[in-house]
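The structure appears right after this line, and notes come after that.
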Amino acid sequence: MNLVNIDCLEYIKTLPDQSIDLILTDPPYNIAQYSTGNIPLPGRSAVNNDLGEWDLKEINPFDFVDDFKRILKPDGNIFIFTSYNLIGKWHEAFDPEFDTFQYFIWHKTNPMPKIFKNGFLNSCEMIVCLWNKKHKWNFSKQNEMHNYFECPICMGKERLKNPKHPSQKPLKLLRHLMTIGSNEGDTVFDPFMGVGSTGVAAKELNRNFIGCEIDPIFFEAAEKRIRETEIK
Ligand SMILES: C[S@@+](CC[C@H](N)C(=O)[O-])C[C@H]1O[C@@H](n2cnc3c(N)ncnc32)[C@H](O)[C@@H]1O
């Protein structure tokens with residue numbers, strides 16, 4: 001296991017060619033720029049529309065395509081969480097370089113409410129899926145093969161309170177993707193690990209894990225969570 005607290009663009013350069021079985025990552029969506037701010041609710045905690053400073057720095061998929069391609073094993077897979085405003089750029093950068101580009105939908109069964117009923121709930125998130133001709137999949141039956149998965153957003157005991165990460169992803173979804181796209185003993189890499197959810201799923205499923213996070217507070221929380229899971 002290797003966890004590092006630096007900019008992933010710098011760190012990726014140090015990873016050897018064809019060393020990673022699965023890249024499972026959740027980079028900033030750059031949607032904070034569209035936020036209308038938090039909505040205060042009487043007697044309840046505010047509806048949190050604001051993400052962090054980290055979501056304001058532009059992510060450019062073209063900055064990642066060469067290194068993701070270089071470090072991935074020929075039979076490896078890539079899953080990248082993204083949003084409506086960036087999916088086109090991921091497609092433009094990655095589709096010409098991989099045999100297959102598909103998208104997968106996560107449907108959140110308990111999305112953030114829209115109290116004024118003035119639009120659809122943001123109950124779906126997109127995940128870009130990429131692979132080459134020799135890729136491995138662990139599907140056992142047809143109904144596991146839908147490019148769709150339903151589960152709640154991360155909550156209860158699983159949700160960290162301190163630090164609180166606005167986009168902590170649920171382990172149930174990460175385990176589903178990781179089980180399909182990798183095997184025990186494989187190496188999973190998350191360059192944008194936040195509070196380490198991919199690392200926790202990797203340890204639970206007996207994968208090696210390499211994780212990178214630029215924010216020192218999120219990094220510290222990730223390291224603690226992943227190490228505690230490893231000890232268990
Ligand atoms: C959407 S969040 C990931 C949340 C994660 N899936 C979880 O469950 O905790 C994206 C993370 O990427 C980090 N980040 C942004 N730019 C980065 C960079 N250049 N290198 C490494 N981490 C970065 C942010 O600090 C943020 O925690």
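The values are calculated or read from the model by the stated rules, or taken from the named source; none is laboratory data. Since the structure is predicted, the reported quantities are computational estimates derived from the model, not experimental observations. Quick reminder, even Gly has a Cβ in these numbers, built from the backbone with ideal geometry, and neighbours come from all protein chains shown. Only protein heavy atoms, including side chains, enter the accessible area calculation; ligands, DNA and RNA are left aside. Shrake-Rupley method; radii C 1.70, N 1.55, O 1.52, S 1.80 Å.
For the chain, the cysteines with no partner cysteine C-beta closer than 4.7 Å are C124, C129, C151, C154. The charge dipole of the chain, taken about the Cα centre with unit charges on the Cβ atoms of Lys, Arg (+1) and Asp, Glu (-1), comes to about 1000 debye, rounded to the nearest 20. In the chain, if the dipole is taken from +1 on Lys/Arg beta carbons and -1 on Asp/Glu beta carbons about the Cα centre, which of P74, L174, P113 is farthest to the positive end? Of P74, L174, P113, it is P113. Placing unit charges on each Cβ (+1 for Lys and Arg, -1 for Asp and Glu) gives the chain a dipole about its Cα centre, and among G52, N147, L9 the Cα reaching farthest toward its positive end belongs to N147. Rounded to the nearest Hz, the phi-derived 3J(HN,Hα) couplings of the range 201-210 under the Karplus curve 6.51 cos²θ - 1.76 cosθ + 1.60 (θ = phi - 60°) are 4, 4, 5, 4, 9, 6, 10, 6, 9, 10, where x marks glycine and proline. Evaluated with a Cβ-only charge set (Lys, Arg +1; Asp, Glu -1), the range 43-174 carries a dipole of roughly 720 debye about its Cα centre, given to the nearest 20.
Note on the chain: antiparallel DSSP beta bridges, both residues inside, total approximately 45 percent of the bridges counted.
Suppose only helical runs count, i.e. DSSP H with n ≥ 4. What mean residue ellipticity at 222 nm does that imply for the chain under -39500 (n - 2.57) per run, divided by all residues and rounded to the nearest 500 deg cm²/dmol?
-6500 deg cm²/dmol
Of K13, K157, the residue with the largest accessible area leads and the full order is K157, K13 (1.4 Å probe). For the range 6-22, backbone phi angles converted through the Karplus equation (6.51, -1.76, 1.60; θ = phi - 60°) give residue-by-residue couplings of 9, 5, 5, 4, 6, 5, 4, 4, 8, 7, x, 4, 6, 10, 10, 8, 9 Hz, Gly and Pro being listed as x. Near C124, the amide H atoms lying under 5 Å from its own belong to K108; only residues 5 or more places off or on other chains count, and H is placed 1.01 Å from N.
Compared with the dominant principal axis of the Cα atoms in the chain, helix 171-181 is inclined by about 20°.
The phi-based Karplus calculation (6.51 cos²θ - 1.76 cosθ + 1.60; θ = phi - 60°) puts the 3J(HN,Hα) values of the range 185-192 at x, 5, 9, 10, 10, 10, x, 10 Hz, whole numbers, x for Gly and Pro. The range 165-232 and the range 97-134 have Cα centres lying 20 Å from one another. Restriction of the GluC sites (Glu not before Pro) in the range 157-216 to DSSP coil positions whose beta-carbon has at most 14 other beta-carbons within 10 angstrom yields E184.
If R0 equals 25 Å, the separation of the Cβ atoms of I6 and Y148 corresponds to a calculated FRET efficiency of about 0.10. Using Cβ point charges alone (K and R +1, D and E -1), the dipole size of the range 56-98 about the Cα centre works out to roughly 120 debye.
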